[in-house]
Amino acid sequence: MAARGASVQRPNGASQGKICQFKLVLLGESAVGKSSLVLRFVKGQFHEYQESTIGAAFLTQTVCLDDTTVKFEIWDTAGQERYHSLAPMYYRGAQAAIIVYDITNQDTFNRAKSWVKELQRQANPNIVIALSGNKADLANKRMVEYEEAQAYAEENGLLFMETSAKTAMNVNDIFLAIAKKLPKTDPGARGPQQGAGTVQVNESQGGQKSGCCGGK
Amino acid sequence: MSLHIVGGLLIKRFGKTGIRSVNLLRFRLAQEFLLCFILTKNTFGKIINKTMSKKPSRFHVDESDLWCKNQCGFYGNTAWKGYCSVCYKSLTNRQQSSSHRVHQHASVEKAVSQRQATPELSYSKFADKRRQQSKTNPVKSLFKSTKKDKSEVDKTSSKGHHHLKSEFGAFLESLSRPIYEDISKRVQNFLSKFKLLPVNSTVETWSDAVQDFYQIITEHINVDPIYQTLEETAVENLQDQLEMYLMNRLYNVVFCPPNSNDEQEDLSLQKRIRSLHWVTIQQLEANVNDQDIGVRIALDKSIADIIELDTKTLPKDKLACIVESSRKIFDAFRLSNEKSEVDGGPQSVASADDFLPLFIFIILKANPPRLKSNINYITRFASPSRLNSGEGGYFFTNMCCVVDFIEKLNAESLNLSEEEFDSYMSGRTTAEGVNTVYVCDGLRLIHENNGMIRRLKERQEKYANSVLNLEHKLSEFREQFDEQINQLVLRAPLTLKPKRGKADIDLDHDIPHSLPSPILPQQISNSQI
């Protein structure tokens, strides 16, 4: 949560720099390589793979950016169409999202576009959205043109990269780009921010009630 | 009346036999039938009380002993003084209000008596009535509940939880003096304020109060200079301890409280899950090999963990149960994948695409008790940082999603046609195959053994067939062989020629005279050479 996300500056801890924790959701149709992408990022050269993590559904990874340590909590979502309606529960309160599509499959790109629309309409308004065209190593089977996706991303203010979980191309880069774009709140000016966070908590609770506990 | 007559006839019949034990039976039968008879005269309660008072002398426990004392058709529980939860609730409410509000007493009495008069009425009807009652007189009914709750708070604070208090106290003492004083002052303040909440407060008000308290404490810790010496982890620990202490104190009051719909929601969800017992792993498209024993054991453990959720008090522990259960699901995937890797299948780590369907399956099979109450409790009273971050938060979100999915589940979400779905739901079609075996170990073993026997039988039949085949072939071969030989014999009949005498060269035969006489050696003189 925002309250714990951006750590508080303490007299004794100021020298260590800030630690910011962010929730990042992974969206995209099944079999576009969402989990491979994250596994590559988490297992990759950056840091040791954390043995304590279970499966590839929930993973954490830390990146260092200048004087700030950014800790990503990566929430994977089920990509099958039938679970689409559950997604709001996952991206609620998320500060970042990666929408993954498969460059060899036009349908997954269309689906990604609908995700973008949904996030812009329903998610946290400050959410940082990145679009990832995965399986870039299969360029000979390409169905989605780079220029097309690039233009779409620019139009909607998204970060965009073509990635390959197989060759690790752009995998770390896309996470770093997100980390750079995320607001690293200045501890001095946290008052109102935290207030906003509070509202969000209540909203999310209300949403949860209507989503999974209410309706009757 | 006819019952009475039948009873009398039976008594007569047994009476003739005159055997002692049958006499006893006769007495019992007479008692039962008398009971039936009087029951029709509407003096049910009294008689029941009489027979109940006799019963403890017997070792046998009748099913009727387990029923709610109110005879509402539900089972009672010793924790509720022999009543069912609903009757107990109304009884305690009545007791609470009787001393304060006499007219309130009358309305509850009326409700109870209405219910007694129509014991076959379903719970839902009564619940509707109860809801209506609270609608027409919300302030009063809520007053009742808060009265009760507050007395419980008082009780818990005075009686139990000494251990808890000392634990929290010990933790606080490990901190510096000003922090200790500040925190205990704030907690005491909060608890006394919580007790003084307005009489018509809802569970949401309680939730807001607790959440506000968390928020205020967090802000306070961030700002107040006395906390600046604390490390980040110490602050988190302090928040944890605070939540633990508060929730231990308030659990009895705020978990599934009478001023919420939690109990009804629990029941309807339970019913819903029961009606979906036929859903299979395959229908949910979870890619796991459920035939494998190791996988099944992991799934069983996962079910056990999720059921344990209800036994925990603290949100933290409840979340730990969910995480543990999820961990077992990933274990199941790992085991399943290891097998397929050996078989040359693709190597993969389970992702959310795999996890969620299997988690749905687990919840459907486990049907965890009071699931809705638990979810509501965690959502309302856990500190927000738990729910939006960490493994606990992630898997809790997954569980909320699962419940949401189950509630909205229709034919489309299982890729079935409407007709198929309806026939499953109405029980016309029953799930077949492995999934139905997912009930208990014994049944599963039976299923496995049946399968094994079936396979063995098939093999045996195959062998028996091939043996028969072989026999047949052998006899055919023999016949053919015989025939061929016969033919050969016919073509070349065996004629025995007379035996020729043996020629003995040493025998002195008469030398035929026609032969010239043997050549005689001639002596040649030396001179001639």
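If I ask for residues that are in contact (Cβ under 8 Å) with a residue 12 or more places away in the chain and either more than 8 Å from chain B (Cβ to nearest Cβ) or among the β-branched types (Val, Ile, Thr) (or both), which ones from the stretch A:82-91 would you list?
A:ALA87, A:PRO88, A:TYR91
Please find, among B:ILE362, B:ILE303, the residue that is more than 8 Å from chain A (Cβ to nearest Cβ), under 21 Å from B:ASN289 (Cα atoms) and in contact with a Ser or Thr (Cβ under 6 Å, 6 or more places away or on another chain). Spell out how you get there, then give the answer.
On the way: B:ILE303 fails: in contact with a Ser or Thr (Cβ under 6 Å, 6 or more places away or on another chain).
That would be B:ILE362, the only listed residue that is more than 8 Å from chain A (Cβ to nearest Cβ), under 21 Å from B:ASN289 (Cα atoms) and in contact with a Ser or Thr (Cβ under 6 Å, 6 or more places away or on another chain).
Would you list the helices (runs of 4 or more DSSP H) that sit entirely within the stretch B:352-435 and hold 2 or more residues that are surrounded by 23 or more Cβ atoms within 10 Å (Cβ to Cβ)?
Filter on the stretch B:352-435 gives B:352-366, B:371-381, B:384-388, B:390-408.
Listed residues A:SER85, A:SER132; which is outside any loop (DSSP other than H, G, I, E, B), under 13 Å from the mean Cα position of the chain (by Cα) and of a type in the set (Ser, Thr, Tyr)?
It is A:SER132.
Take B:ARG186 and tell me if it is surrounded by fewer than 18 Cβ atoms within 10 Å (Cβ to Cβ) and among the charged types (D, E, K, R). Quick ask: steps written out before the conclusion?
On the way: surrounded by fewer than 18 Cβ atoms within 10 Å (Cβ to Cβ): yes; among the charged types (D, E, K, R): yes.
When the stated conditions are applied, B:ARG186 passes them.
Being aliphatic (A, V, I, L, M) and surrounded by 14 or more Cβ atoms within 10 Å (Cβ to Cβ) is the filter; apply it to the stretch B:200-220 and report the residue that is nearest to B:ASN374 (Cα to Cα).
Per the criteria, the residue is B:VAL203.
Listed here are the residues, each with its yes/no results for (1) in contact with a helix residue (DSSP H, G or I) (Cβ under 9 Å, 6 or more places away or on another chain); (2) of a type in the set (Phe, Trp, Tyr); (3) crowded, with 16+ Cβ neighbours inside 10 Å; (4) at pLDDT below 95.
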position: A:ASN140; (1), (2), (3), (4): no, no, no, yes
position: A:THR163; (1), (2), (3), (4): yes, no, yes, yes
position: A:VAL171; (1), (2), (3), (4): yes, no, yes, yes
position: A:LYS180; (1), (2), (3), (4): no, no, no, yes
position: A:ARG190; (1), (2), (3), (4): yes, no, yes, yes
position: A:ALA196; (1), (2), (3), (4): yes, no, no, yes
position: A:VAL199; (1), (2), (3), (4): no, no, no, yes
position: A:GLN205; (1), (2), (3), (4): yes, no, yes, yes
position: A:GLY215; (1), (2), (3), (4): yes, no, no, yes
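Need the failing condition index for B:VAL323 against (1) closer than 24 Å to B:SER351 by Cα; (2) among the β-branched types (Val, Ile, Thr); (3) more than 14 Å from every other protein chain (Cβ to nearest Cβ), just the number.
(3)
Report the residue count in the stretch B:175-203 for those that are small (Gly, Ala, Ser) and more than 43 Å from the chain's Cα centre (by Cα). Spell out how you get there, then give the answer.
Kept after step one, since they are small (Gly, Ala, Ser), are these residues of the stretch B:175-203: B:176, B:184, B:192, B:201.
Among the residues that remain, those that are also more than 43 Å from the chain's Cα centre (by Cα) are: B:176.
Of the residues in that region, 1 qualify.
Kindly provide the set of residues from the stretch B:218-272 that are of a type in the set (Ser, Thr, Tyr), within 14 Å of another protein chain (Cβ to nearest Cβ) and in a helix (DSSP H, G or I), ordered by number.
Going through the stretch B:218-272, the residues of a type in the set (Ser, Thr, Tyr) turn out to be B:218, B:227, B:229, B:233, B:245, B:251, B:260, B:268.
This time we only want the ones that are within 14 Å of another protein chain (Cβ to nearest Cβ), so: B:218, B:227, B:229, B:233, B:260, B:268.
Of everything in the stretch B:218-272, those that are of a type in the set (Ser, Thr, Tyr), within 14 Å of another protein chain (Cβ to nearest Cβ) and in a helix (DSSP H, G or I) turn out to be B:THR218, B:TYR227, B:THR233, B:SER268.
Tell me which of these A:GLU73 doesn't satisfy, since it passes every other one: (1) out of contact with any strand residue (DSSP E or B) (no Cβ under 7 Å at 6 or more places or on another chain); (2) part of a strand (DSSP E or B); (3) at the interface with chain B (Cβ under 9 Å from one of its Cβ atoms).
(1)
The values are calculated or read from the model by the stated rules, or taken from the named source; none is laboratory data. Bear in mind that the values here come from a model prediction, so they are computed numbers and not experimental data. FYI the Cβ positions are ideal-geometry reconstructions off the backbone, even for glycines, and counts take in every protein chain you see.
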